[in-house]
Structures are given as structure tokens and as C-alpha cells.
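Notes to accompany the following structure.
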Amino acid sequence: MRYVIIGAGPAGVTAAETLRGEDPNGEIILVGEEPEPPYSRMAIPYLLVEKIGEAGTYLRKQDDFYRSRAIELVQQRVTALDTAAQGLSLADGSTLAYDRLLIATGATPVRPPIDGIDSPQVSTCWTLADARRIVESAQPGSEVVLMGAGFIGCIILEALAMREVKLTVVEMGDRMVPRMMNDKAGNLIKQWCINKGVQVLTSAQVTAIRAPQAAANNGGGLMGGIKKLFGGGENAAEPAGKVTVELKSGEKIAADLVISATGVRSNLAFLQGSGIDTEQGIKVDRQLRTSADNVWAAGDVAQGRDFSTGDYQVQAIQPTSVEHGKIAALNMAGASVEHRGSINMNVLDTLGLISSSFGLWMGVEDGDSVERYWPEAFRYICLQFRGDVLVGASCVGMTQHIGVLRGLIQTETPLGAWKQKLMEDPTRVMEAYLASAQGATLVGSRA
């Protein structure tokens, strides 16, 4: 049996490892388009602040991990998929046949359609190549503009601040991490960042990135002719200089570097003509099968089941990718394992302030909610209920409840009388968990 996996991120690597455990004799080929060993994008911020070297980002640290498990690594970009012939076309012109295929091609950063987005001083922070460019440009004292204060943007924010740059964050939403936090929590994180010396502009939009004047002028005249004569063609990198970031408000910000972190999009382009059903991602069933025979999908490219809603959507977080990769591999190897659905889960460290959200953190129709807010202490907790079941939660500055909140949501535990106690004091979630999980009745002055 020949198993081919497209994508060497967490979903793909987990799948390859799982397949080898399930099928000791099968042929396993892992295809990734980047020149480095498979690595975790979530480790890149640690690389930026030099807590780890590049090898520290690798998903498997053992030097001979893939070779010792007879997992063949192919470093090529897949350009097309022929599901009828069960074959892949690669960028070098070669083809690769498969018996069973996993698509785990992940996602790519969205590049907003603004003038100047392709400037040499603009970068994403998604690959190791991006990280190398940022390390070179983001030196202490450099002026850096970060476009986007979502989950990925906030992870990058912390690394940039630790590099001691002069940082300005521009976010279109009215608060930070708007897809993870409500207005109170998101603006609490904003104020924390401002107190730490980061300029944060919310409800703001970049409309253009203007090139340095010197760079704009060196394409013509005598200097331009000399540049072209000696190999510096029109597409060559311009000399270093500050760009001007223009905002919709009319404000202008000088920057040595602009980092775009405005969201990601599933990598689906190579599937044109394959017949595989897609929407925002690849449509899959409970076993992560696609609409094509012998083809599965996992990770940021898969439109998998959401635990809380039962809907199918792309959930671009690493825990979901790992879960998808394992379940898809088990089914590829002949098992019959259903995916219960991944819980929406985000835990974020922003300059030392921990925030988290789980499940239906924004609440449900006809549900109940309770919150407590201590802005001076940068603490916040909000619980969301459907009946007496906890279905969502969000916290800022409160780490002691993270595992318990996830557990209560994921087990859909009926809280009974403890629901009302939590409505009165949402910080008692640990007591509620113990009482519900153990069937105990807690007594004492607070019960």
C-alpha cells in the first residue's frame, strides 16, 4: 500500500507517524514544498527572540526520525491532483502515484489588496524564510508596523516587542483578537499592550504602503541604467529605507518593516479540476474522507466538524491539525474512527498577559451568561451556558481555570445546581468541576 501525504506540517507529520504505527510495511511518502525539515509555524516567534535555533522549530527533533521509520520526504510543490488516475503532478514535472492520499496542505497568509503590499519592506511571518528576513530587519529601535491583531498577529507582536523594536499595531476590528474575545476582554489586552509601550490602533485600516523616495527614483536615469547594466533589474530589492504606511484616517507612519498578519486562507488552488468538493476548505465527512475515493483531508485545509455546533468549518489551530492527522491516518490504514469534532480553543500569551477562549465563547441564542471584570487588575472571566451545560468561556489574566473550562465544555457535563452557583460567582469553576466529575457535594461556608 502506498500512502502519500501532501503537506509536511503538524497534520501531515502526525499522519505519517500514525500510519507507520498502523501499517509497518506500507510505503509512506510525505511531500512538502519547503526546503527545511518539517517544522511548526507556531515555534517561529520563539526563533525570532532567539529562545531556540531553527532546529528547535522542527516537529520531530530526532535527526533520523523519518529515515528510521521509512518515511520518504519529497521536497516538491504539488501542482495538480488527478483523482481518476490517483496521481499527483509536481513542480519539477514529475508525477507521483498513490493508493491512498491525505491532503494536509495547510493555509497561506492572506495578502490584503492595498498599494505597496509587494514592497521589499513588507513581509508575512509564516515561514522560516520569513523569520530570517524579520530577524535581519527588526533590530532594536527599528520602526515596525504590524497589520493585524488577531491570534497570529498577537503571537508575532510579543516576539517583536521582545526584539525591542518601536512597534505600531494596526487592527481593523474595534478590539484586539476580535475572533477570540469580546469588547471588554479584547480592549483589556489592548490597554495592557499600550502600557507595555506598544502603540495599538484599533478600528484602523492600512490603505497604502509608499516606497522610500530614494527607492522610487532609482529606477530611471543614469543610476537606474547602471543598476540594470550590472544585474539590478526592475525586480531587484531596493536599497534600505523607510516606507510610509498610510491609514484610512489620514495618519502616516514611517516604518523600516511592515508585517502583514491579516488572516490565512486554505491552500486549495492545486485542486482545480480534481473534482474534490471544496468551500472555505475541503469538505470532509466524520472520518475526514473527501468526495473522492481514497482521498482524505486534515488540518488547516479541511472543513472539519466543530464540536460545539456540529457545523463543518476550517479551524486553523495546531491542536485541530494534530487531531485530524491522527484520525485521518487511522482511517486510511483501514480503521473506522469518527471525528467527534474539534473544540474551538485559543490560549494566548501577550507580553505576559494570558488570555483564553473555548467553545461558543460568544454565547448561544436563549442561553445564559455571567461575567466578572476587574480592569485595574487586568482580569476577566465570562461563562456561557445552554441550559445547565457550559458551552463557552473566555478569560483574561486568569490561568487557573483553563484546563477545567475546556474539560467541562468538552464533556458537556450537566452542572445541575452548580450552574446557579457559577452564575453568582463564575470563579468557582474548579469546585463545579470537582463536584460534577466526582458526583460530590461540596460543603462549607461557600456551598
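The values are calculated or read from the model by the stated rules, or taken from the named source; none is laboratory data. Predicted, not measured: the structure shown is a model, and the values here were computed from it. Quick reminder, even Gly has a Cβ in these numbers, built from the backbone with ideal geometry, and neighbours come from all protein chains shown. Areas reflect the complete protein model, heavy atoms only, side chains present, ligands, DNA and RNA absent. Shrake-Rupley method; radii C 1.70, N 1.55, O 1.52, S 1.80 Å.
A few remarks follow.
- Legend: calculated FRET efficiency, Thr95 to Met42, from the Cβ-Cβ distance at R0 = 30 Å, rounded to 0.05, equals 0.35.
- Rounded if a/c under 1.5, otherwise prolate or oblate - the chain, Cα gyration tensor axes: oblate
- Computed extension length for Glu22-Asp82: 18.9 nm, one decimal, from 0.36 nm per residue of separation with the Cα-Cα distance subtracted.
- Residue-span extension gain [Glu412 to Asp366] - 0.36 nm each, minus C-alpha spacing: 14.8 nm
- For the chain, the relative contact order comes to 15 percent (Cα pairs under 8 Å, sequence separation of at least 6).
- As a fraction of the 1.4 Å probe accessible area of the range 133-215, surface on carbon and sulfur atoms comes out at 48 percent.
- Treating each Cα of the range 294-440 as one equal point scatterer and applying the Debye formula with no solvent, the log10 of I(q)/I(0) at q = 0.12, 0.13, 0.18, 0.21 Å⁻¹ comes out as -0.55, -0.64, -1.04, -1.25.
- Selected from Val78, Val258, Val301 as most flexible by GNM, with the chain as the system and alpha-carbon contacts under 10 Å: Val78
- Probe 1.4 Å, protein heavy atoms only - accessible area per residue of the range 290-343 in square angstrom: 35
- Surface share of carbon and sulfur [accessible, 1.4 angstrom probe, percent] for the range 1-92: 45
- Between Arg210 and Met162, the C-beta separation translates, for a Förster distance of 22 Å, into a calculated FRET efficiency of about 0.15.
- Taking the protein heavy atoms of the range 255-367 in the context of the full set of protein chains, the accessible area attributed to carbon and sulfur is 42 percent at 1.4 Å.
- Förster radius 41 Å - calculated FRET efficiency between Ile52 and Gln199 (Cβ-Cβ, nearest 0.05): 0.90
- Taking label positions 7 Å along the Cα-Cβ direction at both Gln139 and Asp64, the computed distance is 4.3 nm, reported to one decimal.
- Under 5 Å from the amide H of Thr79 lie the amide H atoms of Ser89, Leu90, Ala91, each residue being 5 or more positions distant or on a separate chain, with H modelled from the backbone and absent for Pro and chain starts.
- Take Glu72: with every protein chain present and a 1.4 Å probe, its accessible area is about 90 Å².
- Cα-based shape type of the range 1-145, given that a ≥ b ≥ c are square roots of the gyration tensor eigenvalues and the cut on a/c is 1.5: oblate
- Net length available on complete extension from Tyr373 to Asp285 is 27.6 nm, with 0.36 nm assigned per residue and the Cα-Cα distance removed.
- The residues of the range 51-177 have, on average, 45 Å² of accessible surface per residue, using a 1.4 Å probe with all protein chains present.
- Accessible-area value, Arg77, 1.4 Å probe, nucleic acids and ligands omitted, Å²: 120
- Calculated mean residue ellipticity at 222 nm for the chain: -7500 deg cm²/dmol, from DSSP H runs with n ≥ 4 weighted as -39500 (n - 2.57), summed, divided by the residue count and rounded to 500.
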